[in-house]
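In what follows, a structure is listed as structure tokens, so that the remarks can point back to it.
Each reported figure results from applying straightforward, stated rules to the coordinates on display, with no laboratory input. Nothing here was measured: the structure is a model prediction, and the numbers come from that model. Using ideal geometry, Cβ is built from the backbone for each residue, glycine included, and neighbour counts are taken over all protein chains shown.
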């Protein structure tokens, strides 16, 4: 299934149009097909209703200990200044942020076959593109974080994937944005080196970067990192991609290789920190050999082969 192409096919996923809810339904179905627990989380974005899609893979050792992978599914064309224009202007949003949603779904596909020690949550956020100001934007992630705070939920780490597919003429690359020392970010860097991945990962430590869904997690005190493509001197990844918020943000402009290498690095960090639960025979996994293969033709499709060494 070509997740990016499927999301692009909605034409636009502007949070105030029906296509946004239709794309949320599509994402819900994709997670459900994996056998995960999936729910909608409804909220208001101004006068418009929107929703998050939340999928849960419960841990076998301690389900209260959680990791999260998130991405926003709505899209925007910056020329759509009115509702009429929005209905008629394409906003394919392949890089921003179907690339992140596709990676989250494929990582969930890989991990769902494993008995992990701790809980994994995958969240597709709505209404991110309402704005990235520090007070009123990022509606979906703000709502999610507020709900988690009300439940006294805790997170060991969260990774927000936002624009990971465009590389232009550059080599495969990713930027990790954090506000403080972050164990998940450290593990991602170590995984990149340990598995000799074909991607260069840079780190930016800047607590003022507030343009994506990592920011509400920071404000709430949850450890979180933003994973994106190259950033400018101002810390703005969208200045790197000339197709940002235009009708040209399409799948043919993206690097499937880069998206896979970034996904592999994040996968390695999750496996390193989460670990495996013992199987039903009492056998524990001592080591895991990970091979991630890209189906280049149409999508970010990852297959993992796990080799278990019995004690």
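Any chance you could check the Cα centroid distance between region 55-112 and region 148-173 for me, in angstrom? Their Cα centres are 10 Å away from one another.
Here the label points at residue 33 and residue 169, each 7 Å from Cα along the C-beta direction, are separated by 3.9 nm in the simple model.
What is region 170-237 by shape, rounded, prolate or oblate, if you read a ≥ b ≥ c off the alpha carbon gyration tensor as root eigenvalues and call it rounded for a/c under 1.5, prolate for a/b larger than b/c, and oblate otherwise? Since a/c reaches 1.5 but b/c is at least a/b, the shape of region 170-237 is classed as oblate.
Peptides 264-274, 96-106 ordered by packing proxy, namely the average of other Cβ atoms within 10 Å per residue, highest first: 96-106, 264-274. Here r is the Cβ-Cβ distance between residue 146 and residue 2 and R0 is 35 Å; the resulting FRET efficiency, rounded to 0.05, is 0.55. Protection proxy ranking of 50-57, 218-225, by the mean of other Cβ atoms within 10 Å over each peptide's residues and highest first, is 50-57, 218-225. In region 3-276, one over the average inverse separation of all distinct C-alpha pairs is 18.2 Å, which is the Kirkwood hydrodynamic radius. For region 3-276, the antiparallel share of DSSP beta bridges with both residues in that region comes to about 45%.
Cα-based radius of gyration for region 95-187, normalised by 2.2 N^0.38 Å, reads 1.22.
Say a paramagnetic label sat at a point 7 Å from the Cα of residue 47, along Cα to Cβ; which residues of region 3-23 have their backbone N under 15 Å from it? Counting only backbone N, you get 16-17.
Under 1.5 on a/c is rounded, so check that first for region 8-116, then, if it is not, pick prolate when a/b is larger than b/c and oblate when it is not; a ≥ b ≥ c are the square roots of the alpha carbon gyration tensor eigenvalues. Prolate shape, in that a/c is at least 1.5 and a/b is the bigger ratio.
Compared with the alpha-carbon gap, the fully stretched path from residue 239 to residue 207 is longer by 9.6 nm at 0.36 nm per residue. Packing order of peptides 167-177, 114-124, highest average first: 114-124, 167-177 (average count of other Cβ atoms within 10 Å over each peptide's residues).
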